[in-house]
Amino acid sequence: LDTSSLSPDMQRCYELLNQTSRSFAAVIQALDGDLRPAVCIFYLVLRALDTIEDDMTIPPDTKIVLLKAFHTYLYDPKWNFTQSQEKDKAVLEEFPKISGEFRKLRSRYQEVISEIAQKMGAGMTVFLTNKVNTMEEWDEYCHYVAGLVGIGLTQLFAASGLEDPSIEGNTRLANSMGLFLQKTNIIRDYLEDIVQDREFWPKEAWSQFANDLRDFQKPSKRRDAIRCLNFLITSTLKLLPDVLQYMSYIKNQSIFNFCAIPQMMAIATLALCYNNGKVFEDMIKIRKGQAVQLIMQSNSSNSLQKIIAYYSKEIFNKIDSTDPSGEETRSILTHILLVC
Ligand SMILES: COc1cccc([C@H]2O[C@H](CC(=O)N[C@@H](CC(=O)O)C(=O)O)C(=O)N(CC(C)(C)C)c3ccc(Cl)cc32)c1OC
C-alpha cells in the first residue's frame, strides 16, 4: 500500500495494523475508497479494547472502568494506557495517534465505531467475572465481542456508498458472521485458553461429558472430549446458511474478499478440528499453503459455495457412527450441501 501521501499518524496506524494482524491486514488494505482508513481505524480501536479485556494484570474494577469508558477515549486527544503487558500494547500506548485519525473520519463512520465500542465495552464487563454457562450465554458473549463487529462493519459498508444502504437491515446475518468466526476461534483455542486459566466453552456443552472443562486434557477422557468438541462444531455449523445469505448481498469485490476470506479460514479450521483429538494436545492452525489457496479462491459466491461444499463433505466423511451428535451433524451438512 502506498502510504507516502498519508499523514505520519495514518502511516503509523497502517504499521500498527500490520503488526497486530498477520494475513488479515492485507485484505483490509485492499478495501476500496474511504472504507480502507475507516476499517483500519475500526480494527485498531477493537484491538485496543480487546487488549484491555485480555490483560489479566489489570485489576477487575480498574478494567470495568476502562471498558465502560473506552468509547469516550476516542474523543480525548491525550488518552493512552501505558500499564499493559500484552503483546499488542503499542495500540494502547500510541492510542492518541489512532484517536486523532478516528476524529478525522466522516461523522457517520465515527458514530458507528464509537457506538460499537460503547456496546462492546459494556458487554465485556458482563462476562469479566461470569463464565459462559448456557448455549444462549455463549451466543450473548460472542455477540458482544464479535457479532457487534459484524454489525458495525455492515453499517460502515452501507455508509461508504460501496454497498446498497439496505444491507444495514441485515443485523441478524451480520451478527452470525461474527459468531461463526468467534465460535470457531473458541473451539480451536481450547488448550491455549485452558493453560491461561480461561474458559470459553459453555458449561451446558461440556457438563454433558465431564465434571470440569479441564478434564478434557486427560487422555482417559479423550472420547468425551471429542464428543463435546463435535457437539460445539455441530452447533457452529448451523450459522453457515446465514453466512452464505449475508455474502449474497455483497456486491463490491474488495468488500466481498474482506468478508469471505476469514469465513473460509474458519470453515477450514472447523473441518480440521472435527473429531480431532489434537485440539486437546496442541495449538491447531490450518497450513499456510492451504490458507493461501483459500484466499486465492474466495472471490465469488459461487467459489464460496464450492469451498463450503468441499469442507462440508470432509466433515461428513469424518462422522463417527457412535457420536451422539452424529445424526444432527449429518442433517445440518445435508442442508448446507443442498444450498451450496
Ligand atoms: C462482517 O464481519 C466481518 C467481515 C470481515 C472480517 C471480520 C473479522 O475478521 C477477522 C479475521 C482475522 O482477524 N483473522 C486473523 C486470524 C486469527 O486471528 O486467527 C488474522 O488473519 O490475523 C476477525 O477474526 N475479527 C475478530 C472477531 C472474530 C472477534 C470479529 C475481526 C476483527 C476486526 C474486524 Cl474490523 C473484522 C474482523 C468480520 O467480523 C465478523
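Test T125 against the stated conditions and say whether it is among the polar types (S, T, N, Q), away from the ligand (no atom under 16 Å from the Cβ) and in a loop (DSSP other than H, G, I, E, B). Spell out the reasoning first.
Working: among the polar types (S, T, N, Q): yes; away from the ligand (no atom under 16 Å from the Cβ): yes; in a loop (DSSP other than H, G, I, E, B): no.
Answer is no for this residue.
Count, please, the residues in segment 164-185 that happen to be closer than 15 Å to C273 by Cβ and out of contact with any Leu (no Cβ under 8 Å at 6 or more places or on another chain). Give the derivation first.
The initial filter retains those residues of segment 164-185 that are closer than 15 Å to C273 by Cβ, namely 180-185.
Going one step further and asking which of them are out of contact with any Leu (no Cβ under 8 Å at 6 or more places or on another chain), we end up with 181-182, 185.
Number satisfying all stated conditions: 3.
Go through segment 140-183 residue by residue and tally those that are in a helix (DSSP H, G or I), more than 11 Å from the ligand (Cβ to nearest atom) and either farther than 16 Å from G123 by Cβ or β-branched (V, I, T) (or both).
Adding up the residues that qualify gives 9.
Tell me which residues, restricted to segment 311-334, are surrounded by fewer than 17 Cβ atoms within 10 Å (Cβ to Cβ) and under 17 Å from M247 (Cβ atoms).
Of everything in segment 311-334, nothing turns out to be surrounded by fewer than 17 Cβ atoms within 10 Å (Cβ to Cβ) and under 17 Å from M247 (Cβ atoms).
When the residues of segment 59-96 are filtered to those that are among the β-branched types (V, I, T) and under 23 Å from the mean Cα position of the chain (by Cα), which remaining residue is farthest from the ligand (Cβ to nearest atom)? Spell out the reasoning first.
Applying the first criterion (among the β-branched types (V, I, T)) to segment 59-96 yields 62, 64-65, 72, 82, 91.
From what's left, under 23 Å from the mean Cα position of the chain (by Cα): 64, 91.
Values: I64: 20, V91: 12 Å.
Looking at residues that are among the β-branched types (V, I, T) and under 23 Å from the mean Cα position of the chain (by Cα), I get I64.
Residues of segment 1-26 being over 26 Å from I286 (Cα atoms) and either over 21 Å from the mean Cα position of the chain (by Cα) or at pLDDT below 90 (or both), which ones?
Scanning segment 1-26 gives L1, D2, T3, S4, S5, L6, S7, P8, D9, M10, Q11, R12.
Only residues that are free of Cβ contacts under 8 Å to residues at least 24 places away in the same chain and not charged (D, E, K, R): list them for segment 235-293, please.
Passing the criteria: L272, I286, G289, Q290, V292, Q293.
Restricting segment 58-106 to residues that are of a type in the set (S, T, N, Q) and part of a helix (DSSP H, G or I), which is farthest from F127 (Cα to Cα)?
To start, the set of residues in segment 58-106 that are of a type in the set (S, T, N, Q) comprises 62, 72, 80, 82-85, 99.
Adding the requirement that they be part of a helix (DSSP H, G or I) leaves 62, 72, 99.
On the way: T62: 15, T72: 21, S99: 26 Å.
Checked segment 58-106; the qualifying residue farthest from F127 (Cα to Cα) is S99.
Among residues belonging to segment 196-236 that are in a loop (DSSP other than H, G, I, E, B) and hydrophobic (A, V, I, L, M, F, W, C), point out the one that is surrounded by the fewest Cβ atoms within 10 Å (Cβ to Cβ).
Of the residues in segment 196-236, the ones in a loop (DSSP other than H, G, I, E, B) are 196-202, 207-212, 218.
Okay, now just the ones that are also hydrophobic (A, V, I, L, M, F, W, C), so 200-201, 209-210.
Details: F200: 21, W201: 22, F209: 19, A210: 16.
Once the filter is applied, the top-ranked residue is A210.
Tell me, which residue of segment 7-23 that is within 20 Å of L105 (Cβ to Cβ) and in contact (Cβ under 8 Å) with a residue 60 or more places away in the chain is farthest from the ligand (Cβ to nearest atom)?
S7
Could you check how many residues of segment 24-58 are surrounded by 14 or more Cβ atoms within 10 Å (Cβ to Cβ), farther than 23 Å from L162 by Cα and in contact (Cβ under 8 Å) with a residue 40 or more places away in the chain?
So the count comes out to 7.
List pairs: first in segment 182-193 and in contact (Cβ under 8 Å) with a residue 24 or more places away in the chain and within 14 Å of D139 (Cα to Cα), second near the ligand (Cβ under 10 Å from one of its atoms) and part of a helix (DSSP H, G or I), Cβ under 7 Å, 6+ apart or cross-chain?
Close Cβ pairs (under 7 Å, with a partner that is near the ligand (Cβ under 10 Å from one of its atoms) and part of a helix (DSSP H, G or I)) amount to Q182/C142; Q182/V145; Q182/A146; K183/C142; T184/A266; T184/T269.
The values are calculated or read from the model by the stated rules, or taken from the named source; none is laboratory data. Note that the structure is a prediction, hence the values are computed from the model and not measured. Note: ideal-geometry Cβ built from the backbone for every residue, glycine included; neighbour counts use all protein chains shown.
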